[in-house]
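> Supplied in structure tokens, the structure appears directly below.
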Amino acid sequence: MTYDVETIRAHFPALSAGSVHFDSPGGTQTPASVGQAIMDTLTGPLSIRGRRSPSERNADDAVTGFRTAMADLLGADPLGIVYGRSATQLTYDFSRHLARDWAPGDEIVVSRLDHDSNIRPWVQAATHVGATVVWVDFDPSTGELPASAVAAVLTDHTRLVAVTAASNLIGTRPAIAEIAEVVHAVGAQMFVDGVHYVPHAFVDLAALGADFFVCSPYKFFGPHCGVLAADPALLEGIRPDKLLPSTDVVPERFELGTLPYETLAGVTAAVDFLAGLGDLAGGSTSRPSVSRRERLRASLRQVEAHEDSLRARLEAGLAALPGVTLYSRAADRTPTVLVGFAERTAADAAQFLSERRILAPAGSFYALEASRHLDLGDAGGLRVGLAPYSTAAEIDALLAAIAEFLSA
């Protein structure tokens, strides 16, 4: 089936402005349907949640719709879906919740492959209670983080392992299910950063084996917020600080204050749009008899095939240019390519491209440990991140611009 990228692009008002967006790891553009859902919820009758009046029901429906949509996307239980302002905020919150049960002698494992949001909260929480921080390194020559590297640092004292499902810097997708197996074998829990993984893969939380899984809807067409998924039974055993009159029901006990109902409605619309991508890309109509979960599976298979094809085109073109180094080398990786230049800085390249309305930013993108481990220091490299709306013509324009930059 042909992937009709132009039909998909027509749903994104921002793409008509003329800029080329290779900045999707920092946040995708937003389809009109998501903006419409936010506006409709915010301007419709709206009040505190309840079931007595239309305004109360609208608020309540926004919350339950959000939990169901995210559960469909992640293969989770709706009662295990927790809203947060960001993945960073949720990770900080849960690092504090879980650290209440840690003590000196306990070990917390973090990975140098990760975004700092899945490193620093755990390092700081461990330090506060006197637990030991253990680091696991990825192979800088291949970009791989095998389960054996994690297993090598585990002991009977390991309480939690924090690891990414996909590196936002170099795209590496570790074998999370294999890592979960060795982590659970020593009785530890695993906290997985899925922020860069969810936009590029069909997620099955049970198959991954993650105890906690966080993601960010604005990476897959939605509004700016964060989501945590976990087994409701696991959440039942965690007691956060909260206001005395606020509910103790899971997952609401972790969501402090009134929820942003319009944002939740936007997330639901983003999941619905993602589920419909397969229909848009193939030119078929929606199939109401097929579950949203199955439509998501079909859509994301098409997205992966499209993005992998573009990534191959991009990497082949970059490899042919003199003085260019590709740091994205793992066998299993997202369509995110980190590039370095022998005689020019990545920041200069990003500026050169920006002047030509091509957005491919430079930096370490909060994956500071990974950037340093690659000997790129804090400056990082040029990151080219593809999205479902990226095109072959845009890849060719980028390659031509980089060749011009190198010869300038």
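The values are calculated or read from the model by the stated rules, or taken from the named source; none is laboratory data. These numbers come from a predicted model, not from an experiment. Positions of Cβ are generated from backbone atoms using ideal geometry, with glycine treated the same way; all protein chains shown enter the neighbour counts. We work out accessible area using only protein heavy atoms, side chains counted, and drop any ligands, DNA or RNA first. Shrake-Rupley method; radii C 1.70, N 1.55, O 1.52, S 1.80 Å.
> Which numbered condition trips up Asp308, out of (1) surrounded by 18 or more Cβ atoms within 10 Å (Cβ to Cβ); (2) closer than 23 Å to Val198 by Cα?
For Asp308, the failing item is (1).
> Residue check, Asp23 against (1) of a type outside the set (Gly, Ala, Ser); (2) open to solvent by 60 Å² or more (accessible area, probe 1.4 Å); (3) closer than 30 Å to Ala387 by Cα; (4) out of contact with any helix residue (DSSP H, G or I) (no Cβ under 9 Å at 6 or more places or on another chain), all met but one. Which one?
(2)
> Out of (1) closer than 25 Å to Ala166 by Cα; (2) surrounded by fewer than 15 Cβ atoms within 10 Å (Cβ to Cβ), what's the single condition that is false for Thr7?
(1)
> Are any residues in the range 144-168 surrounded by 24 or more Cβ atoms within 10 Å (Cβ to Cβ), assigned to a loop (DSSP other than H, G, I, E, B) and either in contact with a Cys (Cβ under 8 Å, 6 or more places away or on another chain) or not aliphatic (A, V, I, L, M) (or both), and if so, which ones?
Ser167, Asn168
> Do the conditions hold for Asp204, that is, is it in contact with a strand residue (DSSP E or B) (Cβ under 9 Å, 6 or more places away or on another chain), more than 19 Å from Ser86 (Cβ to Cβ), in contact (Cβ under 8 Å) with a residue 60 or more places away in the chain and surrounded by fewer than 17 Cβ atoms within 10 Å (Cβ to Cβ)?
Spelling it out, it is not the case that Asp204 is in contact with a strand residue (DSSP E or B) (Cβ under 9 Å, 6 or more places away or on another chain), more than 19 Å from Ser86 (Cβ to Cβ), in contact (Cβ under 8 Å) with a residue 60 or more places away in the chain and surrounded by fewer than 17 Cβ atoms within 10 Å (Cβ to Cβ).
> Please tell me if Val183 is open to solvent by less than 10 Å² (accessible area, probe 1.4 Å), in contact with a Ser or Thr (Cβ under 7 Å, 6 or more places away or on another chain) and not in a loop (DSSP other than H, G, I, E, B).
No; evaluated as a whole, the condition is false for this residue.
> Would you check if Asp248 is over 23 Å from Arg57 (Cβ atoms) and either in contact with a His (Cβ under 9 Å, 6 or more places away or on another chain) or open to solvent by 50 Å² or more (accessible area, probe 1.4 Å) (or both)?
yes
> Only residues in the range 144-164 that are closer than 15 Å to Arg112 by Cα count as the first member; pair them with residues that are of a type in the set (S, T, N, Q) and surrounded by fewer than 21 Cβ atoms within 10 Å (Cβ to Cβ), Cβ under 9 angstrom, at least 6 apart or cross-chain, and list the lot.
Val161/Gln189
> Given the conditions (1) touching a strand residue (DSSP E or B) at 6+ places or on another chain (Cβ under 8 Å); (2) free of Cβ contacts under 8 Å to residues at least 40 places away in the same chain, report the number of the one that Val129 does not fulfil.
(1)
> Can you name every one of the helices (runs of 4 or more DSSP H) wholly within the range 288-378 that holds 2 or more residues which are under 18 Å from Pro388 (Cα atoms), over 18 Å from the mean Cα position of the chain (by Cα) and among the polar types (S, T, N, Q)?
By residue number, 292-319.
> Restricting attention to the range 109-143, report how many residues are open to solvent by 40 Å² or more (accessible area, probe 1.4 Å), of a type in the set (Ser, Thr, Tyr) and farther than 16 Å from Ala175 by Cα.
Going through the range 109-143 one residue at a time, the tally reaches 3.
> Then there's this: Within the range 106-131, can you find the residues that are of a type in the set (A, V, I, L, M) and assigned to a helix (DSSP H, G or I)?
Selection gives Val123, Ala125, Ala126, Val129.
> A further question on this structure: How many of the residues in the range 26-61 are of a type in the set (Ser, Thr, Tyr) and either more than 14 Å from Pro217 (Cβ to Cβ) or open to solvent by 60 Å² or more (accessible area, probe 1.4 Å) (or both)?
Selection size over the range 26-61: 5.
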